[in-house]
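Before any comments, here is the structure.
The numbers here are math on the coordinates, done by the rules we state, and not lab data. Just so it is clear, the model here is predicted, and its values are computed rather than measured. Methodologically, a virtual Cβ is constructed for each residue, glycine included, from the backbone with ideal geometry; neighbour enumeration extends over all protein chains shown.
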Amino acid sequence: MVTYALLTNPGHNRVYYEESKKLAAGELQLALTKLSISCSDVKSDYIAGVHYVVFSASDDLSEEDIAVIGMLSFVYAIFEIKKTRGLILLLPIMKINNRYIDENIGTILKYTGKTNELFTRMMINIALFCSDFSHLNQIRLLDPVAGKGTTLFEGLVFGYDVYGIEIGEKIVSEAYHFLKKYLETEKYKHTVKTEKVSAPDKAFKVIRHSFDIAKTKEEQKGGNLKHVELIAGNSANTDKFFKKNFFHLIVGDLPYGVQHGNVTNEKQSSLTRNPKELLNACLPAWYRTLMNGGTLVLSWNLLVLPRENMVSLLNKSGFTVIDGDSLMNFRHRVDRSINRDIVVAKKTRR
Ligand SMILES: C[S@@+](CC[C@H](N)C(=O)[O-])C[C@H]1O[C@@H](n2cnc3c(N)ncnc32)[C@H](O)[C@@H]1O
């Protein structure tokens, strides 16, 4: 048996204090099912007064295993625990650098309504581990309520092709200008296209920004590109913007019904404080654009929509909600008006 200790990211702790430990353990439980060796005994522990998440493994972690552990949102450093003559020694394990783009891309923008980037990374990982696609390198990820793009930037960090739909035109424009500037400053090779897309029956007209990104000229010439797309439009039209069965993962942080309303009908500009209306309008389109074996992961405010109502809306739209033990432990308090939970739903072959 080998025992590992994961030092938790201080950024994660600052936001949810005590609750982050429970979220970390939940994310790790899911990741362990993807490793090449069998692991058990996940627990929170303090070593010399510092918090770690500890687990046991049947053997040494392989390089691929270390890469998976290093993707987890809370992992700051990985140690093997050695016990010698009554002493506890922490042996540092070299992390694998599997980032496509620097993690700072998700931290630079600060604004009201932003979803914490580490929480977002956790949701993406949960979606990946619960999908049939965790072995793939080429992942297409959609955030259908994208805001200024936290999910897209976190997806890009791991080299995914990322797509976002956001109803606020100004918000999309800010995200577009931020990414363009970032790629220029960091000297990524890229091409950008902005176009207006309308429905054949003129039911909608949206702006679509697309980026094709490469790290080097050679990669660009060889067509080794990462794709980013931002659409300023209503997510209820997701299946009009994208092909059927297109996305491996859909991940979104729904409007909380607190600071900002969620618009489900552009014409009436109907603002609602409850995401139920948004889900009713969008879930059928999200279902159609998700691949079989793909997962939808949503976070939302339990104070405006109880979990059983969320589950029933998802089931009604054809999704299978996955609610094993390790997936029931993600609910946490953000502040007085937000009690947040995560739901994982899969599109299964029927
Ligand atoms: C909680 S915020 C997401 C924040 C985002 N994760 C970020 O960090 O920037 C929810 C977003 O959903 C958007 N939204 C609400 N209804 C929408 C709809 N029908 N279609 C597309 N976006 C919508 C809101 O404008 C808001 O920006």
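The table for this structure:
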| read-out | value |
| --- | --- |
| Count - residues of the range 81-132 that are more than 18 Å from Asp161 (Cα to Cα), β-branched (Val, Ile, Thr) and within 15 Å of the ligand (Cβ to nearest atom) | 4 |
| One residue from Phe153, Phe133 being surrounded by fewer than 24 Cβ atoms within 10 Å (Cβ to Cβ), among the aromatic types (Phe, Trp, Tyr) and under 24 Å from Val343 (Cα atoms) | Phe133 |
| Helices (runs of 4 or more DSSP H) (entirely within the range 1-72) containing at least 2 residues that are among the β-branched types (Val, Ile, Thr) | 63-71 |
| Odd one out for Leu91 among (1) aliphatic (A, V, I, L, M); (2) outside any loop (DSSP other than H, G, I, E, B); (3) surrounded by 14 or more Cβ atoms within 10 Å (Cβ to Cβ) | (3) |
| Candidates Ser299, Ser317, Ser326, Ser337, filtered to the one that is touching a Leu at 6+ places or on another chain (Cβ under 9 Å), free of Cβ contacts under 8 Å to residues at least 40 places away in the same chain and polar (S, T, N, Q) | Ser317 |
| Test: residue in the range 36-56 that is buried (at least 18 other Cβ atoms within 10 Å of the Cβ) and under 21 Å from Asn98 (Cα atoms) | no |
| Matching residues, the range 306-335, being closer than 24 Å to Ala146 by Cβ and buried (at least 20 other Cβ atoms within 10 Å of the Cβ) | Met310, Leu314, Phe319, Phe330, His332 |
| Residues of the range 198-212 satisfying the condition of being without any contact (Cβ under 8 Å) to a residue 24 or more places away in the chain and under 14 Å from Val162 (Cβ atoms) | Ser210, Asp212 |
| Unique residue being of a type in the set (Val, Ile, Thr), touching a Phe, Trp or Tyr at 6+ places or on another chain (Cβ under 8 Å) and within 16 Å of the ligand (Cβ to nearest atom) when the list is Val145, Val172, Val206 | Val206 |
